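The values are calculated or read from the model by the stated rules, or taken from the named source; none is laboratory data. Small disclaimer: the values here were computed from a predicted structure and weren't measured. Cβ sites come from the backbone with ideal geometry, for glycine too, and all protein chains shown count toward neighbours. Side chains are part of the model used for accessible areas, which takes the heavy atoms of the whole protein and leaves out ligands, DNA and RNA. Shrake-Rupley method; radii C 1.70, N 1.55, O 1.52, S 1.80 Å.
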Amino acid sequence: MERTTAEHPVTATPPLATGVAWDAEEPGHHRFSVDRYTSHAIAERELERLWPRVWQIACSVDHVAEPGDWFEHRCGPLSVLIVRGDDGQLRAFQNVCRHRGNLLCTGAGSGLGEIRCGFHNWSWTLAGELREVPSRRGFGALRNEDLPLIPARVATWGPLVFVTLDPDAAPLSEWLEGVPADLAWADIDEFHCGVTTTTPVSCNWKVVAEGFSETYHVQGLHPEMIVSFDDVHAAQHLWDRHAVSYQLYGVASPRLGPVPEADVWDSFCRTQGRRLGLAPDDTVPMPAHQPDATAFELLVAAIRAESGRRGADLGRFDDDQIMRLRQYNLFPNATVLVSADSFNVLVAKPSATVDRAELFTLHFDRRPPGAPRAKRHPTDVVNGLDAERLGLVFNQDVRAMARLQRGLSQPGFTHTIVSSEERRIVNTHRALATYLDGS
Ligand code: FES
Ligand SMILES: [Fe+2]
């Protein structure tokens, strides 16, 4: 059920479900008990009831574009192997050998001709059929057809590959609710993955996901960005599970009052310079030859020119589609950020303990229609210190997450307080309760 029907109106906060995972509803805001970020028991319940049942973003289509390409998706202790078969079909399997349980593949790669376990050399075809058991007679009667790899489900939306371990899950197209229709204008198949990163973060995975689920924090955490970003009129839309915020860039926050156009330009260069072809955190002076033009107009022209240099014509997109970022929060743990020239994905994954997470990011560039996909992109593992290279704003976010987890661990702090402006967080917790409270 969608919660709004008009174009992009701000929606009412959804009613809270009752049950142990919910706290009392109060007018205007909600309170969430801190244990959902700190309790090992709740993390275990998520592992049992949530992660095996949801569709999750695993990788890009570019990672598994050709027969023999493979990618290992990890989520806490869960591991799913995604393989493009000789027949061109994409398949997924639980990443476990049917002999004695060894993990079959780790990381990502290409050129796989079979799936062979490195422990005792059992092997399967890329379609998951058992084909070789060394010293087979020692097992007595063993039929290949009884021991295929355990299947998982895989599906794609645009350039993204999703997996789920739930054989009874709704199709991905249904799971995504109204999101694909909302983005139909963007031709997202044209986005190709250029870089992926994995960053360990010292916090619960929900702290990571929630860091990309509201714009309320921009005034405090990102003073450099608020000069070129309207955080006040960012309309939101909630579906049952997912949500979106529409955020206009190239204009200053109304919180600031009048701001010189050159400051808006400078702020955009510092915080989104890559879209202009700049190195991270680099700036260039505002073009002086058009003194009457606004920063918004000059930025649109500069982004169109930079995309053109990379071979992607933005001529079919209007200025709003370039400058208004769509921030989709895909339940439970992914944020998909889309404008006409950019497509970035942030995935918050649980890690070994309740207070550890992994932030997996995928960064895409628009390419000309029909451009061949690069055969493979290695996963670029980034440790906490190297995260500086991800850019000023992103790094501010990641640093804040560890601070937040430490704060959440203080014994006198029992509940967070979440405003209607942070309604996407409320929506996620409401959907989460349907998994954690259910049997
Ligand atoms: S555990 Fe895989 S072949 Fe033995
Ligand atoms: Fe942020």
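Per residue, segment 84-182 exposes 50 Å² of accessible surface when a 1.4 Å probe is rolled over the protein heavy atoms with every protein chain present.
Each of CYS193, LEU78, LEU346 was placed along the dipole of the chain (beta-carbon charges, centred on the mean Cα), and the one lying farthest toward the positive end is LEU78. Using R0 = 35 Å, the C-beta based FRET efficiency linking SER409 and THR156 works out to 0.35.
Other residues whose C-beta falls under 13 angstrom from the C-beta of LEU337 contribute a net charge of +2, scoring Lys and Arg +1 and Asp and Glu -1. Among PRO291, PRO151, PRO223, the largest mean-square fluctuation in a Gaussian network model of the chain, built with springs joining Cα atoms closer than 10 Å, belongs to PRO291.
Label reach from VAL195 (point 7 Å along Cα→C-beta): in segment 298-313, no amide nitrogen lies under 16 Å. When peptides 295-304, 252-261, 415-424 are ranked by their average number of other Cβ atoms within 10 Å per residue, the highest-first order is 295-304, 415-424, 252-261. A straight line joining the Cα centroids of segment 400-435 and segment 42-68 runs 23 Å. Please go through segment 71-135 and write out the trypsin sites (Lys or Arg not before Pro) that DSSP classes as loop and that have at most 14 other C-beta atoms within 10 Å. For trypsin sites (Lys or Arg not before Pro) across segment 71-135 that sit outside H, G, I, E and B with at most 14 neighbouring Cβ atoms in 10 Å, the list reads ARG100. Here segment 254-268 is scanned for amide nitrogen atoms under 15 Å from the site 7 Å beyond the Cα of ALA301 along Cα-to-Cβ, giving 262, 265.
Extension gain for ALA184 to ALA352 (0.36 nm times residue separation, less C-alpha to C-alpha distance): 56.7 nm.
Full extension of the chain between ARG309 and LEU47 gives 89.8 nm of extra length, using 0.36 nm per residue less the Cα-Cα distance.
Translational diffusion of the chain was estimated from the Stokes-Einstein equation, with Rh taken as the Kirkwood radius over Cα pairs; at 37 °C and 0.692 mPa s the coefficient is 141 µm²/s. Ligands, DNA and RNA left out, the accessible area of the chain computed with a 1.4 Å probe is 52% carbon and sulfur. In this structure the amide hydrogen of VAL54, modeled in the peptide plane, comes within under 5 Å of the amide hydrogens of LEU165, none closer than 5 places in sequence on its chain. For an R0 of 22 angstrom, estimate the FRET efficiency from the Cβ-Cβ distance between ARG399 and ALA279 and round to the nearest 0.05. For ARG399 and ALA279, the calculated efficiency is 0.60. Dipole check for segment 55-175: with +1 at the C-beta of Lys and Arg, -1 at the C-beta of Asp and Glu, and the Cα centre as origin, the magnitude is about 540 Debye. Remark: segment 304-310, residue by residue, has Karplus-estimated 3J(HN,Hα) of 4, 5, 5, 4, x, 4, 8 Hz, where x stands for each Gly or Pro and the curve is 6.51 cos²θ - 1.76 cosθ + 1.60 at θ = phi - 60°. Placing pseudo-labels 7 Å out from each Cα toward the beta carbon at HIS40 and ASP437 gives an inter-label distance of 2.7 nm.
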